[in-house]
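Student: Shown below is the structure under consideration.
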Ligand SMILES: [Ca+2]
Ligand SMILES: [Ca+2]
(Lines give C-alpha, C1' and ligand atoms only; values in the text may rest on other atoms or scores of the structure.)
(Ligands and ions follow the chains in the order given, each with its own letter.)
Protein backbone atom coordinates (compact mmCIF):
# COMPACT_ATOMS: atom_id res chain seq x y z
CA UNK A 1 0.00 0.00 0.00
CA UNK A 2 1.14 3.47 -0.73
CA UNK A 3 1.60 5.99 2.02
CA UNK A 4 -1.37 7.98 0.59
CA UNK A 5 -3.81 5.05 0.95
CA UNK A 6 -2.62 4.29 4.48
CA UNK A 7 -3.16 7.93 5.43
CA UNK A 8 -6.64 7.84 3.83
CA UNK A 9 -7.61 4.67 5.75
CA UNK A 10 -6.24 6.24 8.92
CA UNK A 11 -8.33 9.42 8.41
CA UNK A 12 -11.48 7.38 7.66
CA UNK A 13 -10.92 5.25 10.81
CA UNK A 14 -10.45 8.33 12.96
CA UNK A 15 -13.59 9.92 11.45
CA UNK A 16 -15.64 6.78 12.15
CA UNK A 17 -14.28 6.69 15.69
CA UNK A 18 -15.24 10.35 16.20
CA UNK A 19 -18.74 9.70 14.81
CA UNK A 20 -19.10 6.76 17.23
CA UNK A 21 -17.93 8.90 20.18
CA UNK A 22 -19.88 12.06 19.36
CA UNK A 23 -23.26 10.40 19.35
CA UNK A 24 -26.13 12.85 19.09
CA UNK A 25 -28.57 12.15 21.90
CA UNK A 26 -30.95 15.01 21.16
CA UNK A 27 -31.44 17.20 18.14
CA UNK A 28 -34.04 19.89 17.65
CA UNK A 29 -34.11 21.94 14.50
CA UNK A 30 -37.59 23.38 15.05
CA UNK A 31 -38.80 22.16 11.66
CA UNK A 32 -41.88 20.92 13.53
CA UNK A 33 -43.00 20.45 17.12
CA UNK A 34 -42.44 16.74 17.56
CA UNK A 35 -40.74 17.40 20.89
CA UNK A 36 -43.79 19.15 22.30
CA UNK A 37 -42.49 22.60 23.24
CA UNK A 38 -45.01 24.91 24.87
CA UNK A 39 -45.85 27.21 22.00
CA UNK A 40 -49.23 28.58 22.98
CA UNK A 41 -49.40 32.22 23.94
CA UNK A 42 -49.27 32.90 27.64
CA UNK A 43 -51.10 35.44 29.71
CA UNK A 44 -50.48 36.85 33.14
CA UNK A 45 -54.21 37.22 33.47
CA UNK A 46 -57.35 37.04 31.39
CA UNK A 47 -60.87 38.00 32.35
CA UNK A 48 -63.85 37.13 30.24
CA UNK A 49 -67.24 38.54 31.11
CA UNK A 50 -70.29 37.39 29.14
CA UNK A 51 -72.35 34.32 28.26
CA UNK A 52 -73.52 34.18 31.85
CA UNK A 53 -70.11 33.86 33.50
CA UNK A 54 -67.12 35.82 34.66
CA UNK A 55 -64.10 33.61 34.01
CA UNK A 56 -60.90 34.76 35.63
CA UNK A 57 -57.50 33.26 34.95
CA UNK A 58 -54.32 34.39 36.70
CA UNK A 59 -50.89 32.84 36.36
CA UNK A 60 -48.41 34.22 38.81
CA UNK A 61 -47.54 32.50 42.04
CA UNK A 62 -47.46 34.81 45.01
CA UNK A 63 -49.33 37.65 43.29
CA UNK A 64 -52.96 38.72 43.54
CA UNK A 65 -55.09 40.61 41.03
CA UNK A 66 -58.43 42.12 41.89
CA UNK A 67 -61.15 43.54 39.71
CA UNK A 68 -63.45 45.90 41.63
CA UNK A 69 -66.44 47.95 40.58
CA UNK A 70 -68.02 50.92 42.35
CA UNK A 71 -71.66 50.95 43.44
CA UNK A 72 -73.88 53.44 45.22
CA UNK A 73 -73.21 53.14 48.96
CA UNK A 74 -74.92 50.07 50.38
CA UNK A 75 -77.20 50.22 53.43
CA UNK A 76 -75.87 49.12 56.82
CA UNK A 77 -77.85 45.87 56.64
CA UNK A 78 -77.79 43.85 53.45
CA UNK A 79 -77.13 40.39 52.05
CA UNK A 80 -74.76 39.53 49.24
CA UNK A 81 -75.08 36.23 47.42
CA UNK A 82 -72.83 34.87 44.71
CA UNK A 83 -72.07 31.60 43.03
CA UNK A 84 -68.54 30.64 42.09
CA UNK A 85 -66.29 27.75 41.28
CA UNK A 86 -62.61 26.91 41.08
CA UNK A 87 -62.01 25.42 37.64
CA UNK A 88 -58.40 24.62 38.38
CA UNK A 89 -55.63 26.01 40.50
CA UNK A 90 -52.41 25.11 42.20
CA UNK A 91 -52.39 24.37 45.92
CA UNK A 92 -51.19 27.83 46.95
CA UNK A 93 -53.77 29.76 44.93
CA UNK A 94 -57.15 31.17 45.92
CA UNK A 95 -60.13 33.04 44.56
CA UNK A 96 -62.20 35.46 46.56
CA UNK A 97 -65.08 37.86 46.66
CA UNK A 98 -64.33 41.30 48.06
CA UNK A 99 -66.61 43.95 49.44
CA UNK A 100 -65.60 47.22 51.01
CA UNK A 101 -65.10 50.92 51.07
CA UNK A 102 -62.61 51.28 48.23
CA UNK A 103 -59.75 49.40 46.56
CA UNK A 104 -57.62 49.49 49.72
CA UNK A 105 -60.19 48.80 52.47
CA UNK A 106 -62.29 45.69 52.09
CA UNK A 107 -63.40 42.33 53.39
CA UNK A 108 -62.27 39.38 51.34
CA UNK A 109 -63.90 35.93 51.42
CA UNK A 110 -61.67 33.24 49.96
CA UNK A 111 -61.74 29.65 48.83
CA UNK A 112 -58.79 27.60 47.62
CA UNK A 113 -58.19 24.38 45.64
CA UNK A 114 -57.51 22.56 48.92
CA UNK A 115 -61.26 22.98 49.57
CA UNK A 116 -60.79 25.47 52.35
CA UNK A 117 -62.30 28.85 53.04
CA UNK A 118 -61.35 31.90 55.05
CA UNK A 119 -61.76 35.64 55.39
CA UNK A 120 -59.26 38.44 55.55
CA UNK A 121 -59.56 42.17 55.94
CA UNK A 122 -57.59 44.88 54.21
CA UNK A 123 -57.12 48.28 55.76
CA UNK A 124 -55.16 50.90 53.83
CA UNK A 125 -54.09 48.17 51.40
CA UNK A 126 -52.51 45.97 54.08
CA UNK A 127 -53.76 42.79 55.69
CA UNK A 128 -55.43 43.82 58.92
CA UNK A 129 -56.84 40.37 59.67
CA UNK A 130 -54.90 37.43 58.23
CA UNK A 131 -56.80 34.67 56.60
CA UNK A 132 -57.33 31.56 58.70
CA UNK A 133 -58.32 28.78 56.38
CA UNK A 134 -60.61 25.98 57.43
CA UNK A 135 -62.01 22.97 55.58
CA UNK A 136 -65.23 23.85 53.80
CA UNK A 137 -68.14 21.94 52.25
CA UNK A 138 -67.67 22.64 48.55
CA UNK A 139 -66.62 20.80 45.45
CA UNK A 140 -63.99 21.79 42.90
CA UNK A 141 -65.05 22.53 39.35
CA UNK A 142 -68.69 22.86 40.43
CA UNK A 143 -70.67 25.96 41.27
CA UNK A 144 -71.13 26.62 44.97
CA UNK A 145 -73.41 29.08 46.73
CA UNK A 146 -72.04 31.80 48.94
CA UNK A 147 -73.96 34.20 51.13
CA UNK A 148 -72.77 36.98 53.42
CA UNK A 149 -75.34 38.64 55.65
CA UNK A 150 -74.46 42.03 57.11
CA UNK A 151 -76.72 43.21 59.93
CA UNK A 152 -76.72 46.39 61.94
CA UNK A 153 -78.40 46.56 65.32
CA UNK A 154 -78.18 50.34 65.63
CA UNK A 155 -74.83 50.10 67.39
CA UNK A 156 -72.67 47.45 65.79
CA UNK A 157 -72.51 45.81 62.42
CA UNK A 158 -71.89 42.10 62.16
CA UNK A 159 -71.55 39.59 59.37
CA UNK A 160 -72.31 35.93 58.90
CA UNK A 161 -70.63 34.08 56.08
CA UNK A 162 -72.29 30.97 54.63
CA UNK A 163 -70.99 28.49 52.06
CA UNK A 164 -73.54 26.06 50.63
CA UNK A 165 -75.83 27.00 53.55
CA UNK A 166 -73.24 26.17 56.24
CA UNK A 167 -72.09 28.96 58.51
CA UNK A 168 -68.36 29.38 58.00
CA UNK A 169 -67.55 32.48 60.00
CA UNK A 170 -69.12 35.41 61.78
CA UNK A 171 -67.79 38.52 63.39
CA UNK A 172 -67.71 42.27 63.56
CA UNK A 173 -68.00 44.06 60.22
CA UNK A 174 -67.14 47.54 61.52
CA UNK A 175 -68.92 50.58 60.19
CA UNK A 176 -67.03 50.62 56.91
CA UNK A 177 -69.20 52.28 54.21
CA UNK A 178 -69.57 49.60 51.56
CA UNK A 179 -69.55 50.79 47.95
CA UNK A 180 -67.11 48.51 46.14
CA UNK A 181 -67.29 44.86 45.33
CA UNK A 182 -64.92 42.70 43.39
CA UNK A 183 -63.40 39.43 42.42
CA UNK A 184 -59.84 38.56 43.31
CA UNK A 185 -57.51 35.74 42.27
CA UNK A 186 -54.16 34.90 43.84
CA UNK A 187 -51.57 32.64 42.24
CA UNK A 188 -52.10 30.25 39.35
CA UNK A 189 -55.83 29.70 39.20
CA UNK A 190 -58.88 29.76 36.94
CA UNK A 191 -62.14 30.63 38.67
CA UNK A 192 -65.64 31.38 37.42
CA UNK A 193 -68.50 33.41 38.85
CA UNK A 194 -72.08 32.84 37.78
CA UNK A 195 -73.78 35.81 39.46
CA UNK A 196 -73.54 38.37 42.25
CA UNK A 197 -76.68 39.68 43.90
CA UNK A 198 -77.10 42.21 46.70
CA UNK A 199 -80.43 42.63 48.53
CA UNK A 200 -81.48 44.93 51.36
CA UNK A 201 -83.14 43.85 54.60
CA UNK A 202 -86.54 44.09 52.83
CA UNK A 203 -85.28 41.60 50.25
CA UNK A 204 -85.24 44.27 47.54
CA UNK A 205 -82.52 43.80 44.91
CA UNK A 206 -79.95 46.61 45.07
CA UNK A 207 -77.43 45.15 42.67
CA UNK A 208 -77.41 42.16 40.40
CA UNK A 209 -75.01 40.90 37.77
CA UNK A 210 -75.56 37.60 35.98
CA UNK A 211 -72.58 38.21 33.69
CA UNK A 212 -74.71 37.91 30.57
CA UNK A 213 -72.77 40.93 29.33
CA UNK A 214 -70.40 43.50 30.78
CA UNK A 215 -72.92 46.21 31.62
CA UNK A 216 -71.21 46.88 34.96
CA UNK A 217 -67.87 47.62 33.39
CA UNK A 218 -65.67 44.87 34.78
CA UNK A 219 -62.07 45.24 33.72
CA UNK A 220 -61.75 42.57 31.06
CA UNK A 221 -58.35 43.54 29.73
CA UNK A 222 -55.97 40.67 29.13
CA UNK A 223 -52.28 40.84 29.93
CA UNK A 224 -50.29 38.77 27.51
CA UNK A 225 -46.75 37.96 28.59
CA UNK A 226 -45.44 35.55 25.99
CA UNK A 227 -46.24 34.97 22.35
CA UNK A 228 -44.38 32.16 20.70
CA UNK A 229 -44.52 29.97 17.64
CA UNK A 230 -42.54 27.45 15.66
CA UNK A 231 -42.14 28.76 12.12
CA UNK A 232 -39.58 28.55 9.32
CA UNK A 233 -37.39 26.18 11.27
CA UNK A 234 -37.21 28.39 14.37
CA UNK A 235 -38.87 28.76 17.74
CA UNK A 236 -39.76 32.45 17.96
CA UNK A 237 -40.31 33.86 21.46
CA UNK A 238 -41.70 37.34 22.07
CA UNK A 239 -41.50 38.10 25.76
CA UNK A 240 -43.78 41.02 26.60
CA UNK A 241 -43.36 41.24 30.33
CA UNK A 242 -40.60 41.51 32.91
CA UNK A 243 -40.87 38.03 34.24
CA UNK A 244 -38.85 34.85 34.24
CA UNK A 245 -40.15 32.17 31.94
CA UNK A 246 -39.06 28.60 31.47
CA UNK A 247 -39.88 26.51 28.45
CA UNK A 248 -39.71 22.96 29.63
CA UNK A 249 -39.00 20.08 27.38
CA UNK A 250 -39.63 16.44 28.11
CA UNK A 251 -37.00 14.75 30.25
CA UNK A 252 -33.83 13.47 28.70
CA UNK A 253 -31.37 10.96 30.16
CA UNK A 254 -28.11 12.82 29.62
CA UNK A 255 -24.93 10.82 29.06
CA UNK A 256 -22.18 11.04 31.68
CA UNK A 257 -20.22 13.53 29.58
CA UNK A 258 -22.01 15.64 27.02
CA UNK A 259 -22.05 18.82 24.96
CA UNK A 260 -25.05 21.12 24.62
CA UNK A 261 -25.23 23.59 21.76
CA UNK A 262 -27.95 26.14 21.16
CA UNK A 263 -28.10 28.65 18.34
CA UNK A 264 -30.19 31.72 18.99
CA UNK A 265 -30.88 34.83 16.96
CA UNK A 266 -31.31 37.93 19.10
CA UNK A 267 -34.03 40.08 17.51
CA UNK A 268 -34.32 42.99 19.93
CA UNK A 269 -35.30 44.27 23.35
CA UNK A 270 -33.46 43.42 26.53
CA UNK A 271 -34.15 39.82 27.40
CA UNK A 272 -31.93 37.55 29.48
CA UNK A 273 -32.00 34.19 27.78
CA UNK A 274 -30.39 30.81 27.57
CA UNK A 275 -31.02 27.37 28.95
CA UNK A 276 -31.11 25.36 32.14
CA UNK A 277 -30.12 21.86 33.21
CA UNK A 278 -31.49 20.03 36.21
CA UNK A 279 -29.91 17.07 37.99
CA UNK A 280 -31.75 13.79 38.29
CA UNK A 281 -32.22 14.10 42.07
CA UNK A 282 -33.47 17.68 41.40
CA UNK A 283 -31.00 19.03 43.98
CA UNK A 284 -28.95 20.98 41.46
CA UNK A 285 -30.05 23.26 38.70
CA UNK A 286 -27.89 25.43 36.45
CA UNK A 287 -28.72 28.32 34.18
CA UNK A 288 -26.41 29.41 31.37
CA UNK A 289 -27.62 32.78 30.24
CA UNK A 290 -26.84 35.74 28.05
CA UNK A 291 -27.81 38.76 30.09
CA UNK A 292 -28.03 42.48 29.59
CA UNK A 293 -27.00 42.01 25.93
CA UNK A 294 -23.32 41.92 26.88
CA UNK A 295 -22.65 39.25 29.48
CA UNK A 296 -22.68 35.51 29.88
CA UNK A 297 -23.90 34.32 33.23
CA UNK A 298 -23.82 31.03 35.14
CA UNK A 299 -26.22 30.54 38.03
CA UNK A 300 -26.19 27.45 40.22
CA UNK A 301 -29.14 26.61 42.45
CA UNK A 302 -28.61 23.90 45.04
CA UNK A 303 -31.76 22.58 46.69
CA UNK A 304 -33.63 25.50 45.13
CA UNK A 305 -31.37 28.07 46.76
CA UNK A 306 -28.70 30.10 45.07
CA UNK A 307 -25.57 28.08 45.80
CA UNK A 308 -23.26 31.06 45.59
CA UNK A 309 -22.25 30.59 41.96
CA UNK A 310 -23.61 33.55 40.10
CA UNK A 311 -20.88 34.58 37.74
CA UNK A 312 -21.21 37.03 34.90
CA UNK A 313 -18.51 37.54 32.30
CA UNK A 314 -18.50 40.21 29.59
CA UNK A 315 -18.80 38.90 26.06
CA UNK A 316 -15.59 39.25 24.07
CA UNK A 317 -17.55 40.56 21.10
CA UNK A 318 -19.22 43.37 23.11
CA UNK A 319 -22.90 44.21 22.99
CA UNK A 320 -25.35 42.10 20.98
CA UNK A 321 -26.79 43.76 17.93
CA UNK A 322 -30.18 43.08 16.37
CA UNK A 323 -30.44 39.93 14.25
CA UNK A 324 -27.16 38.65 15.61
CA UNK A 325 -26.65 34.91 15.94
CA UNK A 326 -25.37 33.61 19.27
CA UNK A 327 -23.95 30.13 19.68
CA UNK A 328 -23.88 28.90 23.24
CA UNK A 329 -21.80 25.76 23.55
CA UNK A 330 -21.54 23.95 26.85
CA UNK A 331 -19.46 20.92 27.69
CA UNK A 332 -19.95 18.85 30.80
CA UNK A 333 -16.95 16.58 31.13
CA UNK A 334 -15.52 14.82 34.19
CA UNK A 335 -17.65 16.94 36.50
CA UNK A 336 -16.72 20.28 34.93
CA UNK A 337 -18.72 22.74 32.84
CA UNK A 338 -17.08 24.77 30.09
CA UNK A 339 -19.35 27.39 28.55
CA UNK A 340 -18.42 29.09 25.30
CA UNK A 341 -20.24 31.92 23.57
CA UNK A 342 -19.45 32.34 19.88
CA UNK A 343 -16.34 30.21 20.38
CA UNK A 344 -14.92 32.09 23.37
CA UNK A 345 -14.81 30.51 26.84
CA UNK A 346 -16.95 32.56 29.25
CA UNK A 347 -16.96 30.22 32.24
CA UNK A 348 -15.37 27.06 33.54
CA UNK A 349 -17.04 25.58 36.57
CA UNK A 350 -16.13 22.43 38.47
CA UNK A 351 -19.24 20.94 40.07
CA UNK A 352 -18.39 17.26 40.47
CA UNK A 353 -20.28 14.25 39.20
CA UNK A 354 -23.94 14.88 38.60
CA UNK A 355 -26.54 13.06 36.55
CA UNK A 356 -28.81 15.26 34.48
CA UNK A 357 -32.24 14.40 33.19
CA UNK A 358 -33.94 17.67 32.38
CA UNK A 359 -33.26 20.79 30.37
CA UNK A 360 -35.24 23.75 29.12
CA UNK A 361 -35.11 27.27 27.81
CA UNK A 362 -35.16 30.43 29.88
CA UNK A 363 -36.25 33.93 28.95
CA UNK A 364 -36.62 36.81 31.38
CA UNK A 365 -37.57 40.36 30.59
CA UNK A 366 -38.96 42.04 27.50
CA UNK A 367 -37.44 41.05 24.20
CA UNK A 368 -37.56 38.87 21.13
CA UNK A 369 -35.58 35.83 20.06
CA UNK A 370 -35.53 33.05 17.55
CA UNK A 371 -34.01 29.71 18.45
CA UNK A 372 -32.70 27.88 15.42
CA UNK A 373 -31.51 24.58 16.89
CA UNK A 374 -30.38 22.63 19.92
CA UNK A 375 -27.99 19.69 19.77
CA UNK A 376 -26.91 17.47 22.64
CA UNK A 377 -24.10 15.02 22.07
CA UNK A 378 -22.43 12.31 24.09
CA UNK A 379 -18.74 13.05 24.59
CA1 LIG B 1 -74.82 33.78 35.22
CA1 LIG C 1 -33.77 25.46 12.67
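The values are calculated or read from the model by the stated rules, or taken from the named source; none is laboratory data. Here the structure is a predicted model, which is why all the values come from computation and not from measurement. Cβ placement follows ideal geometry from the backbone for every residue including glycine, while neighbour counts extend to all protein chains displayed.
Student: Tell me, please, whether a residue that is surrounded by 14 or more Cβ atoms within 10 Å (Cβ to Cβ), without any contact (Cβ under 8 Å) to a residue 40 or more places away in the chain and outside any strand (DSSP E or B) can be found in segment 32-54.
Tutor: No, there is no match, as no residue in segment 32-54 is surrounded by 14 or more Cβ atoms within 10 Å (Cβ to Cβ), without any contact (Cβ under 8 Å) to a residue 40 or more places away in the chain and outside any strand (DSSP E or B).
Student: Which of the residues that make up segment 26-45 are away from ligand 2 (no atom under 13 Å from the Cβ) and under 18 Å from residue 265 (Cβ atoms)?
Tutor: 39
Student: Among the residues of segment 337-355, are any outside any strand (DSSP E or B) and in contact with a helix residue (DSSP H, G or I) (Cβ under 9 Å, 6 or more places away or on another chain)?
Tutor: First, pick out the residues of segment 337-355 that are outside any strand (DSSP E or B): 342-343, 351-355.
Still in the list and also in contact with a helix residue (DSSP H, G or I) (Cβ under 9 Å, 6 or more places away or on another chain): none.
No; the residues of segment 337-355 include none that is outside any strand (DSSP E or B) and in contact with a helix residue (DSSP H, G or I) (Cβ under 9 Å, 6 or more places away or on another chain).
Student: Right, something else. What about residue 50, is it within 16 Å of ligand 1 (Cβ to nearest atom) and either at pLDDT 85 or above or under 30 Å from residue 159 (Cβ atoms) (or both)? Working first, answer last.
Tutor: Working: within 16 Å of ligand 1 (Cβ to nearest atom): yes; either at pLDDT 85 or above or under 30 Å from residue 159 (Cβ atoms) (or both): yes.
The answer is yes for residue 50.
Student: Consider residue 268 carefully, then state whether it is away from ligand 1 (no atom under 16 Å from the Cβ), surrounded by fewer than 20 Cβ atoms within 10 Å (Cβ to Cβ) and more than 23 Å from residue 247 (Cα to Cα).
Tutor: No, not satisfied.
Student: Which one of 351, 346 is touching a residue at least 40 places away in the same chain (Cβ under 8 Å), over 16 Å from residue 285 (Cα atoms) and crowded, with 16+ Cβ neighbours inside 10 Å?
Tutor: After applying the criteria, what remains is 346.
Student: If you don't mind, there's one more thing I want to ask. Using the structure shown, decide if residue 211 is outside any strand (DSSP E or B), away from ligand 2 (no atom under 16 Å from the Cβ), modelled with pLDDT of 95 or more and touching a strand residue (DSSP E or B) at 6+ places or on another chain (Cβ under 7 Å). Give the derivation first.
Tutor: Details: outside any strand (DSSP E or B): yes; away from ligand 2 (no atom under 16 Å from the Cβ): yes; modelled with pLDDT of 95 or more: yes; touching a strand residue (DSSP E or B) at 6+ places or on another chain (Cβ under 7 Å): yes.
The answer is yes for residue 211.
Student: With respect to residue 241, is the statement that it is in a strand (DSSP E or B) and either more than 16 Å from ligand 1 (Cβ to nearest atom) or in the same structural domain as residue 97 (by TED's automatic domain parsing) (or both) true?
Tutor: On the way: in a strand (DSSP E or B): no; either more than 16 Å from ligand 1 (Cβ to nearest atom) or in the same structural domain as residue 97 (by TED's automatic domain parsing) (or both): yes.
Here the answer is no, as residue 241 does not meet what is asked.
Student: Can you name the number of the only condition in (1) away from ligand 1 (no atom under 16 Å from the Cβ); (2) more than 30 Å from residue 93 (Cβ to Cβ); (3) touching a strand residue (DSSP E or B) at 6+ places or on another chain (Cβ under 8 Å) that residue 205 fails?
Tutor: Against the list (1) away from ligand 1 (no atom under 16 Å from the Cβ); (2) more than 30 Å from residue 93 (Cβ to Cβ); (3) touching a strand residue (DSSP E or B) at 6+ places or on another chain (Cβ under 8 Å), residue 205 comes up short only on (1).
Student: A further question follows. Do the conditions hold for residue 226, that is, is it under 18 Å from the mean Cα position of the chain (by Cα) and either without any contact (Cβ under 8 Å) to a residue 24 or more places away in the chain or over 30 Å from residue 23 (Cβ atoms) (or both)?
Tutor: Yes, satisfied.
Student: For segment 14-25, check the following and say yes or no: at least one residue is part of a strand (DSSP E or B) and either more than 30 Å from residue 366 (Cβ to Cβ) or at pLDDT 95 or above (or both).
Tutor: Within segment 14-25, one or more residues are part of a strand (DSSP E or B) and either more than 30 Å from residue 366 (Cβ to Cβ) or at pLDDT 95 or above (or both).
Student: Go through 125, 118, 89 for me and flag whichever is within 19 Å of residue 189 (Cα to Cα) and without any contact (Cβ under 8 Å) to a residue 60 or more places away in the chain.
Tutor: Selected residue: 118, the only one of 125, 118, 89 that is within 19 Å of residue 189 (Cα to Cα) and without any contact (Cβ under 8 Å) to a residue 60 or more places away in the chain.
Student: Being in the same structural domain as residue 261 (by TED's automatic domain parsing), under 20 Å from residue 237 (Cβ atoms), modelled with pLDDT of 95 or more and within 16 Å of ligand 2 (Cβ to nearest atom) is true for just one of 327, 321. Which residue is that?
Tutor: Of the residues listed, the single one that is in the same structural domain as residue 261 (by TED's automatic domain parsing), under 20 Å from residue 237 (Cβ atoms), modelled with pLDDT of 95 or more and within 16 Å of ligand 2 (Cβ to nearest atom) is 327.
Student: While we're on this one: Just one of 264, 278 is away from ligand 2 (no atom under 15 Å from the Cβ), more than 11 Å from residue 362 (Cα to Cα) and part of a strand (DSSP E or B); which is it?
Tutor: Answer to the selection: 278.
Student: Moving on. Surrounded by fewer than 19 Cβ atoms within 10 Å (Cβ to Cβ), without any contact (Cβ under 8 Å) to a residue 24 or more places away in the chain and in a loop (DSSP other than H, G, I, E, B): is that true of residue 155 in this structure?
Tutor: When the stated conditions are applied, residue 155 passes them.
Student: Exactly one of these conditions fails for residue 193: (1) assigned by TED's automatic domain parsing to the domain that holds residue 335; (2) within 16 Å of ligand 1 (Cβ to nearest atom). Give me its number.
Tutor: (1)
Student: Still on this structure: Out of 368, 306, report the one residue that is away from ligand 1 (no atom under 16 Å from the Cβ), part of a strand (DSSP E or B), without any contact (Cβ under 8 Å) to a residue 40 or more places away in the chain and within 28 Å of the chain's Cα centre (by Cα).
Tutor: 306
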